[in-house]
Amino acid sequence: MIRIHILEGKAFVWNAADARRLREEHRIVGTLVGALARKPRQNVRLGLPLQLLPEEVRLLAEKGLAALFKNAASQPLRDDKSQDPSALEEVAAYQNEQEESYQEQVRLAAEQRKAVLGTLAERIAQGRAKKRRQEEGVPPAEPESTFVLPRQSMMVQLPTERVHPGPEEEVDWHVQSQDWPYTGQEDHEIRYRIFQNLWERGYYVTSGSKFGGDFLVYPGDPMRFHAHYIALCVSKDTPLSLCDVVSAGRLGTNVKKTVLLCSVDQDGTAVFTSLQWSGMQ
């Protein structure tokens with residue numbers, strides 16, 4: 001069972017194995033929104049967590065492939081005297097582990113520095129001899145015999161999920177709530193029926209916001225294929241102006257995609273109308 005964590009109405013997957021399983025086995029792509037630990041000051045390549053669309057979450061929940069959870073309400077902080085002894089033991093163990101890691105990094109850094117100095121020994125000796133010739137009678141300064149690694153430079157492991165997760169509560173997606181406000185909303189129901197229909201046809205469906213649509217529809221994995229369709233979800237009874245239809249058709253033509261006007265009948269059947277711009281002959 002894939003665990004989906006809910007935070008303020010948004011759904012996230014923190015486990016890397018679950019994120020890979022969603023893509024490879026269930027054709028659920030999502031969007032990576034986390035910063036990479038090694039390159040945090042860029043947004044070209046992102047990492048965990050994987051954020052899912054509400055329609056993706058509902059599909060997984062209906063298929064019995066995932067469950068929704070949220071963190072339980074946090075407890076007020078207590079003073080050290082009233083803390084649980086087991087919690088204090090965990091803090092002490094963590095501090096000991098950090099100290100052992102620091103000492104190991106000091107040893108490795110000293111060994112690396114010694115190796116670098118060994119490769120530069122000849123150049124260092126030449127430089128010292130030249131300096132002695134320039135400053136006759138002044139003894140050369142002795143190199144530092146000890147190596148100090150500042151604690152601020154110590155590498156610290158950044159876990160992508162909690163080793164000991166706190167208390168969690170399961171979220172019922174059938175009932176509208178502050179954690180899951182989409183249930184019963186007309187726009188969400190239309191978008192979900194369209195998403196479900198396209199997914200069951202074998203397509204990969206992702207967010208279409210970057211092309212002004214609701215979804216982008218791919219014939220295969222988005223890492224290997226370009227999207228073929230831009231899906232716009234509208235209510236069947238909602239009037240569309242001619243300008244909106246023309247602009248949507250021209251947008252699809254400019255990016256070499258077909259625009260789909262998607263709606264849902266009263267019986268829940270998805271209806272698709274394609275728009276393609278054709279020049280006048």
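Going through (1) surrounded by 10 or more Cβ atoms within 10 Å (Cβ to Cβ); (2) at pLDDT 90 or above; (3) assigned to a loop (DSSP other than H, G, I, E, B) one by one, residue 67 falls short only on (3). The requirement of being touching a strand residue (DSSP E or B) at 6+ places or on another chain (Cβ under 6 Å) and either free of Cβ contacts under 8 Å to residues at least 24 places away in the same chain or under 28 Å from residue 147 (Cβ atoms) (or both) is not satisfied by residue 106.
Checked against the criterion of being touching a residue at least 40 places away in the same chain (Cβ under 8 Å), part of a loop (DSSP other than H, G, I, E, B), within 28 Å of residue 187 (Cβ to Cβ) and not basic (Lys, Arg), the candidates 57, 29 yield just one match: 29. Inside region 1-36, can you point out the residues that are among the aliphatic types (A, V, I, L, M) and either open to solvent by 100 Å² or more (accessible area, probe 1.4 Å) or under 12 Å from the mean Cα position of the chain (by Cα) (or both)? Hits for region 1-36 are 1, 7, 11, 13, 16, 19, 29, 32, 33, 35, 36.
Cβ-Cβ contacts under 8 Å between residues 6 or more apart (or on different chains), taken from a first residue in region 210-226 that is on the phi > 0 side of the Ramachandran plot to a second residue that is open to solvent by 10 Å² or more (accessible area, probe 1.4 Å), are listed as 212/248; 212/251.
When region 88-123 is limited to residues that are open to solvent by 100 Å² or more (accessible area, probe 1.4 Å) and hydroxyl-bearing (Ser, Thr, Tyr), the one that is nearest to the chain's Cα centre (by Cα) turns out to be 94. Would it be correct to say that residue 169 is over 22 Å from the mean Cα position of the chain (by Cα), modelled with pLDDT under 95 and more than 30 Å from residue 72 (Cα to Cα)? So residue 169 fails the test. If you go through region 37-64 and keep only what is open to solvent by 50 Å² or more (accessible area, probe 1.4 Å) and touching a helix residue (DSSP H, G or I) at 6+ places or on another chain (Cβ under 9 Å), you end up with 62, 63. Check residue 271 against each of (1) free of Cβ contacts under 8 Å to residues at least 40 places away in the same chain; (2) out of contact with any Cys (no Cβ under 8 Å at 6 or more places or on another chain) and name the one condition it does not meet. Unmet condition: (2).
Yes or no, residue by residue, for (1) open to solvent by 50 Å² or more (accessible area, probe 1.4 Å); (2) modelled with pLDDT under 95; (3) part of a strand (DSSP E or B):
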{"residue": "222", "(1), (2), (3)": "no, no, no"}
{"residue": "227", "(1), (2), (3)": "no, no, no"}
{"residue": "232", "(1), (2), (3)": "no, no, yes"}
{"residue": "235", "(1), (2), (3)": "no, yes, no"}
{"residue": "244", "(1), (2), (3)": "yes, yes, no"}
{"residue": "247", "(1), (2), (3)": "yes, yes, no"}
{"residue": "260", "(1), (2), (3)": "no, no, yes"}
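Every condition in (1) open to solvent by 30 Å² or more (accessible area, probe 1.4 Å); (2) part of a loop (DSSP other than H, G, I, E, B); (3) modelled with pLDDT of 90 or more is met by residue 213 except one, and the failing one is (1). Residue count for region 186-205 under the criterion of being part of a strand (DSSP E or B) and either farther than 17 Å from residue 25 by Cβ or open to solvent by 10 Å² or more (accessible area, probe 1.4 Å) (or both): the result is 1.
The values are calculated or read from the model by the stated rules, or taken from the named source; none is laboratory data. Here the structure is a predicted model, which is why all the values come from computation and not from measurement. Quick reminder, even Gly has a Cβ in these numbers, built from the backbone with ideal geometry, and neighbours come from all protein chains shown. For the accessible areas, the whole protein counts, side chains as well, though only heavy atoms, and no ligand, DNA or RNA atoms are used. Shrake-Rupley method; radii C 1.70, N 1.55, O 1.52, S 1.80 Å.
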